[in-house]
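The values are calculated or read from the model by the stated rules, or taken from the named source; none is laboratory data. Just so you know, these numbers come straight off a predicted model, no measurement behind them. Note that each Cβ is placed from the backbone with ideal geometry, even for glycine, and that neighbours are counted across all protein chains shown.
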Amino acid sequence: MALSLTGHAVQAQEQTAPAVPVAPASAQPTDNSDLKILRDEIAELREELRKLKEANAPTPPGGTPAAGTSSPTPIQSTTSPNVVTRPQALKWYDNITLRGYTQVRYNRLFETNPDLRNEQGDRSVGNNGGIFLRRMRLIFSGQVSKKVYFYVQPDFASQTTSTQLHYGQLRDAYFDLGMDDKNEFRLRVGQSKIPYGFENMQSSQNRLPLDRSDGINSSFTNERDLGVFFYYAPEKIRKRFADLVSSGLKGSGDYGVFGFGLFNGQTANRPELNNQQHFVARASYPFAIGKQIIEPGIQAYKGNFVIPTDQTSPGTIVNATRSYADERVAASFVLYPQPFGIQAEYNWGKGPEFNPATDTIETRNLHGGYVTFSYLTKLKEHTIIPFLRLHNYNGGKKHELDARSYRVREAEIGVEWQPNKNFELVGEYVFASRRAEDFVRQNNLQKGQLLRLQAQLNF
């Protein structure tokens, strides 16, 4: 038997041997010593052949074969050693990512007034509120080409009526079109958040208090609408905006240092009713001062809001066109928690509001805002952020029945605990005084206290 190497493989070739004459039986040796020697030599040749095969076999992707395992018979390579294999180009769909979060709440601990509610916020607050799935978001996004980015976010915990829960509803569906090689100038087209109010733009996944403040959030239900927006931010600042979110400092995301746009004005998932768009503009800049980052901002919007016909009680008086001036201006200030943080906003304006003295929806002045204090501390892998928020609001809520009139005073003290990046637990104790009046419910002042809990999964 002979051994030969061909290419990268070892092949065993059996040579044809001349016939060996066999002695007659009477001529066989009387002992087996010669036969034993021959068998030992054959065993040694087989062992050498096995070792050569293992030495020249290609290594599998997982590394060196485990000891004691046989290697597959090597296959001779048909590829020229001089040919360089180029990596296959990524397809557009390789850049698509999926992430999301889920929030589960319970709001009835130590409750002192079951009639205390917050319709625009968490509807499980108050009587008959139990364990509640507040949000269940899936986020599909991706940079599908150098200048085109898309973002789609449905929510599968929407409440369509007072008796129906957990419906799927579109929150975001937009694309960004870069206007330069660095995408510092962008156009955003579709349904997205309106650049008004830091807290409105800040994701509920990152916010410390469980609900947005009435003063700022009364501008737009669900914070979104269909529109076209222009944003500008230098490349360095775009990275800073992203870092303020990814580092756990509760950033609002990248809405540029300057932005403006046109949008329908009837808010997300509702049809346009007056052929007139709202206009919004905002300027904000995150300054790095030593180890601290502060972000002052100013924003304003203007338009006309139409009260839908299914949003008024029989007997409520509206004007002939059902259209009302809807305009605001707001100032923002954020000191990111390193470790002490402040987040404050206040806005002034006018909009539709129910007048209980005349049972009429009128254009009336409004104002309101909040301030949140926080302290971020880390204990090994754990992140703990105690916080305190004070907020007030005087004005109407155009999205609610009869443009309901509100007088709100509220204080919340709580803590967020993050044992790891995938789980958060928030507890907050609330002191509230809320007057909410419409045609049916007048002189409706509710005061009370309650402990609220939220478990959040991030993935």
- So, of the residues in region 361-377 that are among the aromatic types (Phe, Trp, Tyr) and without any contact (Cβ under 8 Å) to a residue 40 or more places away in the chain, which turns out to be surrounded by the most Cβ atoms within 10 Å (Cβ to Cβ)? 373
- Item | Condition broken by residue 127, with the remaining ones in (1) part of a strand (DSSP E or B); (2) in contact with a Pro (Cβ under 7 Å, 6 or more places away or on another chain) satisfied | (1)
- Do the conditions hold for residue 304, that is, is it surrounded by fewer than 22 Cβ atoms within 10 Å (Cβ to Cβ), over 19 Å from residue 329 (Cα atoms) and among the polar types (S, T, N, Q)? no
- Tell me the strands (runs of 3 or more DSSP E) entirely within region 269-354 that contain at least 3 residues that are closer than 21 Å to residue 225 by Cα and not β-branched (Val, Ile, Thr). 278-284, 292-306, 323-335
- Message: Tell me the residue from 118, 127, 95 that is touching a Gly at 6+ places or on another chain (Cβ under 7 Å) and not β-branched (Val, Ile, Thr), please.
- Response: 95
- Query: What number of residues within region 411-445 are buried (at least 16 other Cβ atoms within 10 Å of the Cβ) and touching a residue at least 40 places away in the same chain (Cβ under 8 Å)?
  - Reply: 12
- Item | Candidate set: region 259-317, residues that are in contact with a helix residue (DSSP H, G or I) (Cβ under 9 Å, 6 or more places away or on another chain) and among the aliphatic types (A, V, I, L, M); chosen: the one farthest from residue 358 (Cα to Cα) | 288
- Task: Being without any contact (Cβ under 8 Å) to a residue 40 or more places away in the chain and more than 25 Å from residue 211 (Cβ to Cβ) is the filter here, so list the residues in region 133-172 that pass it.
- Result: 146, 147, 148, 149, 150
- In region 223-253, residue surrounded by the most Cβ atoms within 10 Å (Cβ to Cβ) [restricted to those that are farther than 24 Å from residue 420 by Cα and of a type in the set (A, V, I, L, M, F, W, C)]: 229
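Results for (1) modelled with pLDDT of 95 or more; (2) within 29 Å of residue 395 (Cα to Cα); (3) hydroxyl-bearing (Ser, Thr, Tyr), shown as yes or no for each residue.
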residue: 123; (1), (2), (3): no, yes, no
residue: 139; (1), (2), (3): yes, no, no
residue: 153; (1), (2), (3): yes, no, no
residue: 167; (1), (2), (3): no, no, yes
residue: 170; (1), (2), (3): yes, yes, no
residue: 186; (1), (2), (3): yes, no, no
residue: 195; (1), (2), (3): yes, yes, no
residue: 203; (1), (2), (3): yes, yes, yes
